[in-house]
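Reading through the structure tokens given below for one structure.
The values are calculated or read from the model by the stated rules, or taken from the named source; none is laboratory data. All of these numbers come straight from a predicted model, not from anything done at the bench. Positions of Cβ are backbone-derived with ideal geometry, glycine not excepted, and every protein chain shown enters the neighbour counts. Surface areas here come from the heavy atoms of the whole protein model, side chains and all, with no ligands, DNA or RNA. Shrake-Rupley method; radii C 1.70, N 1.55, O 1.52, S 1.80 Å.
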Amino acid sequence: MTVLEISFYLFSLILVGSATMVVTVKNPVKSALFLVLAFFSAACIWMTLEAEFLAIVLVLVYVGAVMVLFLFVVMMLDIDVARMREGFARYLPVGIVVALVLVIELVLVLSGKFFSLDAMPRPAGHMADYSNTAELGKLLYTDYVFAFEIAGLVLLVAIVAAISLTLRRRPVTKYQSPSQQVRVTKADRLRIISDAQTESERQEDAQ
Amino acid sequence: MDFLTDIWMWFPEVLRVLVVNGLLIVAIVIPLMLAVAYFTFAERKIIGYMQVRVGPNRVGPRGWLQPIADAVKLMFKEIIVPSRANRYLFRIAPLLALGPALAAWAVMPFTDKWVLANIDASLLYVLAMTSMGVYGVIIAGWASNSKYAFLGAMRSAAQIVAYEIAMGFALVGVLMVAGSLNLHQIVTAQAGGIQQWYFLPLFPLFIVYFISGVAETNRAPFDVAEGESEIVAGFHVEYSGMAFAIFFLAEYANMILIAALTVTLFLGGWMPPFDVVPFTLVPSIVWFCVKVTMVAFFFLWFRATFPRYRYDQIMRLGWKVFIPVTLVWITVIGVFRFFTPYGHWFQ
Amino acid sequence: MNALTKFLKDYSLIELLKGMRVTGGNLFAKKITVYYPEEKTPKSPRFRGLHALRRYPNGEERCIACKLCEAVCPALAITIDSTEREDGTRRTTRYDIDLFKCIYCGFCEEACPVDSIVLTDIHEFHFEEAGKHVIDKSHLLELGDQYEQQIAQARREDAPYR
């Protein structure tokens, strides 16, 4: 076996194992952490397929950002596992049907004539100085530039929408405005009183 | 000699790859760990000097054995696992903090020849690794079963995610100017003396990157994740002994990593500042180390100077100041480079 | 301040650089650290350290067991038992000070009508066994005998200000 094969089997084993744990483990935090491991192993497998850009982006985006926020939420929840298990038997038949449909679809696709091993020959290997990233960039910004820009626009709209949801202000809640606070100067807060104040001025102050 | 080569070739390929890479990793990690140990010493000394004190001076001549004494002390301390803590995650968290901090060094070009893995997307790789360091912090905070640790972990996670974006945008500027994601190529593009280094055309990005780096490593004035005046010691309150030491190692290894990245991306990596004889004679690894030390010194200088930020102001700085600044400067670079005759300034 | 100058001032980081100039300057300043066990700062004659019981020059102990110190002690660190000596004077049979309870306020010294209990300027002392923190009369008298010169000197120096 070559190093490549060994690493493929190793990472696939970890991937399948951790994916199983994601759905079976009781604690939601642990299950999120296993999902992180699954993403990471998937990235490693992509790396062996010479898709290093995609692999690193998977780690950067999903492991580094998405799952962190996910964990953030999951950790703060106090999930009652027993109550979540209550409907298990009721939903089981539906679940089995969905799973079966998925398996049959996969089998149909992979054993069909379009995606079988014969139809998908192993792509030619590239030299060490071949830049996966540059090729991907060229494709994205030439052939697929419209699809790419539209995807970007859709995401931007989603961001704007999400932010506008947080702008709901209730009149009773008190907010502080950090930008106003940092703009405060000495003159706003402090008044220097001269020692040489006259008696009449002092009386004015007292009043 | 041939005989030895024969024995060597007799081993299976897997084993040979593992042994060679293992030795190379050790060759990077051991000097790095020594650097971390003496960085902690430098921190205590320099901050002491800035506060008109002398710092540690008792262990060994002028205190030079202090880090070794600290390490030995921590090794012999008991690791206490709090009650009702998640024992397994509690123990694995320090390793999750240290692992990425060391893994990122795999692609660091120390000199023209010395780089463990000269991969094409090495800059992205470094970003991916540094963004994974946050897991150690989050898991430590959650697994400790302690309010303070959890608060520290939450603060740290939100802060790292926020500053990761500003940092990423600052790097986009470097990528546009260098035209490569490969750290080695980014350095070679800065050849030819100090006027070619990217910190000049990308000055705002350089500042944003470095300050984000300070925030990303949870260092003063952005150290609210530890915030000893509010939440004791943040995410590592419950850790003692070697487990605590590993968090410490990770933090300092991350600081040196950020310093090394700043040098690589903005300060010409291993290149000498002037391309004339007395400077070019000095070996490039010396230039690299000197520059990293100078940048790392700023981490300590900041800590000695600035009071801690308030948490909402940290968030404001990250989202409302740094990200707009980087976006504006990226536009400036793009416009200048491709639509004006001054494009050569940005190359 | 007008918004533009404020903007320029903020983004030029001038305030931060000013702060860094201060700390950077101190990096090279002369250090004021006192290397403690080798170097010591001068102590005031009023310094309140370890206790001692004094004697008169003829060797008679000063303490008359009036128990004023015991009464005034805010930390209840002093315990005194007394009896009548053969010559008819009242003397202590027991004079214990619990050094863990003592807060070194010096009230005992101020309360003492015969200047018997005093606080010396000794502050480098320790106990190596449990229970040794309660020092008894013989120990206190011993301390008084040993440091009489220093104690008397400190009292003389401070006398004009009393």
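Tabulated results
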item	result
Search result, residues across the range C:30-47 that are surrounded by 12 or more Cβ atoms within 10 Å (Cβ to Cβ) and at the interface with chain B (Cβ under 10 Å from one of its Cβ atoms)	C:Lys31, C:Thr33
Count of residues meeting criterion [outside any helix (DSSP H, G or I) and among the aliphatic types (A, V, I, L, M)] in the range B:1-39	1
Subset of the range B:136-145 (residues that are open to solvent by less than 10 Å² (accessible area, probe 1.4 Å) and either at the interface with another protein chain (Cβ under 9 Å from one of its Cβ atoms) or part of a helix (DSSP H, G or I) (or both))	B:Gly136, B:Ile138, B:Ile139, B:Ala140, B:Gly141, B:Ala143
Residue selected from the range B:107-130 under the condition more than 14 Å from B:Thr264 (Cα to Cα) and more than 9 Å from chain A (Cβ to nearest Cβ), by the criterion surrounded by the most Cβ atoms within 10 Å (Cβ to Cβ)	B:Leu116
Answer from C:Cys69, C:Cys63 - the residue that is away from every other protein chain (no Cβ under 14 Å) and in a helix (DSSP H, G or I)	C:Cys69
Filter result for the condition that a residue is at the interface with another protein chain (Cβ under 10 Å from one of its Cβ atoms), open to solvent by 10 Å² or more (accessible area, probe 1.4 Å) and either at pLDDT 85 or above or outside any helix (DSSP H, G or I) (or both), over B:Leu96, B:Leu151	B:Leu96
Criterion: aliphatic (A, V, I, L, M), open to solvent by 40 Å² or more (accessible area, probe 1.4 Å) and within 14 Å of chain C (Cβ to nearest Cβ) - qualifying residue of B:Val328, B:Val290, B:Val321, B:Val286	B:Val328
First in the range B:14-25 and surrounded by 14 or more Cβ atoms within 10 Å (Cβ to Cβ), second anywhere and modelled with pLDDT of 85 or more, Cβ under 8 Å, 6 or more apart	B:Ile25/B:Ala106
Of all residues in the range A:22-33 being within 13 Å of chain B (Cβ to nearest Cβ) and open to solvent by 60 Å² or more (accessible area, probe 1.4 Å), the one that is modelled with the lowest pLDDT	A:Lys26
Number of positions in the range C:80-104 that are surrounded by 12 or more Cβ atoms within 10 Å (Cβ to Cβ) and in a strand (DSSP E or B)	11
Any chance C:Ala75 is open to solvent by less than 50 Å² (accessible area, probe 1.4 Å), among the aliphatic types (A, V, I, L, M), in contact (Cβ under 8 Å) with a residue 24 or more places away in the chain and on the phi > 0 side of the Ramachandran plot	no
Checklist (1) assigned to a loop (DSSP other than H, G, I, E, B); (2) surrounded by fewer than 22 Cβ atoms within 10 Å (Cβ to Cβ) applied to B:Gly269, failing item	(2)
